[in-house]
Every structure is written in C-alpha cells, then in structure tokens.
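Heads up: the structure comes next, in structure tokens.
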Amino acid sequence: MFVLAITLAIFLIVAGLLTYALIRYRHHNLETYNEPAQIYGSNQIELAWTVVPALIVVMLFLTSSRVILATQDSTKPADAVDVVVIGHQFWWEYRYPKLGIVTANELHIPISDPAHPTPTYLEMSSADVVHSFWVPRLAGKMDVIPNRVNTMWIDPPTPGLYLGQCNQFCGVQHAKMLLRVYADTPEAFAAWVAEQKKPAVEDPSVAEGREVFLHSACVNCHTVSGTMANGRFGPDLTHVASRDTIASGAVNNNADNMKKWIDDPSTFKPGALMPPMHLNEHDLNAVTAYMMSLH
Ligand SMILES: [Cu+2]
C-alpha cells in the first residue's frame, strides 16, 4: 500500500501537469500565437529531476527489501510441513519426506492458524527443464530449476482449492501443467496423510488388471507401493484414484477419462511423455479398473 501510494502520487502529479499543459497551452488562433519562452540548459531543473526520482527509487527499494528479507528470514516452526517439489515435463511430483508420502499433481497441505502456525516449506527442483511454481493466491512465483534447490513457504489460513499454473514455458504441454493445492483443515489433512501412507489396496476383483499392469511397460515409469512397479519417470500411482484429476489437472479423474488416457494420452495432452499403450480392449478395461481401485 505504501508503494502504491507513492506511485499513485507520482501518476497524479504527472498526469495532472500534462492535462493542465494540454488545456492551458492549446493554441486557438495561429495569428495571435506566440511561442512560449524556450529554456536551454538549466542546472537547477536537471538536478531536481535527477535527484528527486533517485531518492524515490531508493525509498521504494528499501521498503521492498525490508519485506522480502523479513519473509525469507522467518524461522521455521517445529510443526512446519516439508514437501519436496519436483517439476517434470508436464506434471508435478510431491514428496513428504517426514511423512513418508509420495504423490503427484495435487498438493495437500494443512491450513495454518495464525495463533499456531503450520506453514508448508517447499524445497523445489526439476527433473528436466526449468519450470515455475505459481499459485497466485498463495505466494509469488518461484522457478523450479534443474541442479538447484529453491525454497519458499506457504500458509493459507482458509481451507479450499488453490489453482495455479506452471509459469515457465517448458515444452509442448506447458499449458496443461496445472497446479492444484488443497488447503485442508487439520483433521482432513491428518485423514489424507493416513490414507496416503497405506500401501496400495489389493482389491481381488481387479487382480487381472493388476497382472496386466505389472507385466507391461507401465512398471518402468510408474510406482505402485507394495508391488514391483517402482519407476519414477511418471507420477506415483499408489493412490491415483484418490485424486480429483489426472495428467496434472488436464481432465477429471473418472473411469472414462482414465481409459482414454491409458489408451492414448495425446487424446487430452498431445506431446505428453507417456507413450500410447495400445492395449487390447480387454486388457485396457482391466487396467482401467485396477487404476480406479487405487484409492
Ligand atoms: Cu512446466
């Protein structure tokens, strides 16, 4: 608000003088027109228009750096939640090292009560190219860069779904690399953590789909905890059915979309780095049922 007040005052002065000059000195009649006095070289005027703006810029610089330093220096409370964020072409990996959880694309965090703060500290890096984590209602942008760890923290006080978008052009499907942050009440967050910590459910009714999954290339790219599938090129699928969307927010998560996705990801996301699996109709249905059982 302080910066806004200063810039607003500058705008009003400049725009006011300009409007005044436009009206006061508009010429009506060429016959009676006299050129106003022309001033060439004036140390006073030049000094004034150099020194005054320089002082204003120094003042704006000091005010903003105070806020930036205070934000970055805040001490991390013991109850803070740690999340390792890894950007991939074109999805987000989230690892909670203290909780032993790995998930993708939908970040769950607890809301933070100002009296008892539980902020979430993000440690961010990239598996391939530069991405950028940007959820406008939570914080500023932070670039996600290979071979470098950037950090930021977020602490929304109100529960809800906060949407965002990868904000550095990272390839063909950059536009569908969406961010979804779920700020949960402490109880809802604890319940989510308890569910995610469990190994994948072994529903006997989808045993056939599990076999197809475990005997195809899926396992090279995807992890399902408790099975031999431990690939890390694609999202962790241990609890994929618990997510509202698939493919980084590209489409809603339901059996129909899941089937189309597994058959050919380019239906929704041309250029996604999962190849079309081209399973036969029977196997495709079985694998889809298996995916939808992974709550
Ligand atoms: Cu990206």
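Here are some notes:
- ³J(HN,Hα), Karplus 6.51/-1.76/1.60, whole Hz, each residue of the stretch 140-150, x for Gly, Pro: x, 7, 9, 6, 10, 10, x, 6, 8, 10, 9
- Set against the 2.2 N^0.38 Å expectation for a compact globular protein, the stretch 204-293 has a Cα radius of gyration ratio of 0.98.
- Sparsely packed trypsin sites (Lys or Arg not before Pro) within the stretch 10-78, loop by DSSP, other Cβ within 10 Å at most 10: ARG26
- Shown is the FRET efficiency for ASN147 and THR75, computed with R0 = 25 Å from the Cβ-Cβ distance and rounded to the nearest 0.05: 0.35.
- Comparing mean-square fluctuations of HIS108, HIS282, HIS239 from a GNM of the chain with C-alpha springs under 10 Å, the top value falls on HIS282.
- Spatial offset of the stretch 240-295 relative to the stretch 121-147 amounts to 26 Å, using the alpha carbon center of each.
- Between HIS295 and ASN220, full extension at 0.36 nm per residue minus the direct alpha carbon distance yields a gain of 24.9 nm.
- Length-normalised contact order for the chain - Cα pairs under 8 Å, 6+ apart - percent: 14 percent
- Ellipticity estimate at 222 nm from DSSP helix runs (n ≥ 4, -39,500 (n - 2.57)) divided over the chain, nearest 500: -11000 deg cm²/dmol
- Over the chain, the reciprocal of the mean inverse Cα-Cα separation, the Kirkwood hydrodynamic radius, stands at 23.1 Å.
- Structure remark: mean-square fluctuation, Gaussian network model of the chain, C-alpha springs under 10 Å; the largest value among ALA255, ALA21, ALA183 belongs to ALA21.
- Principal-axis tilt of helix 43-73 within the chain, Cα atoms, nearest 10 degrees: 20 degrees
- Per residue, the convex hull around the alpha carbon atoms of the stretch 83-189 comes to 91 Å³.
- Cα long-axis angle, helix 2-24 against the chain (0 to 90 degrees, to the nearest 10): 40 degrees
- In this structure, ALA175 and TYR40 have a Cβ-Cβ separation that, at R0 = 41 Å, corresponds to a calculated FRET efficiency of about 0.15.
- The orientation-averaged projection of the convex hull spanning the C-alpha atoms of the stretch 1-123 amounts to 15.6 square nanometres.
- For PRO265, neighbours were defined as the other residues whose beta-carbon sits under 15 Å from its Cβ, and their charges (Lys and Arg +1, Asp and Glu -1) total +1.
- For the stretch 126-239, the Cα-based Rg and Dmax, in that order, read 17.4, 46 Å.
A short reminder: the numbers here are calculations on the coordinates, not readings from a lab. Note that the structure is predicted; figures quoted are calculated from it, not measured. Counting neighbours? That spans all protein chains shown, and the Cβs are built from the backbone with ideal geometry, glycine included.
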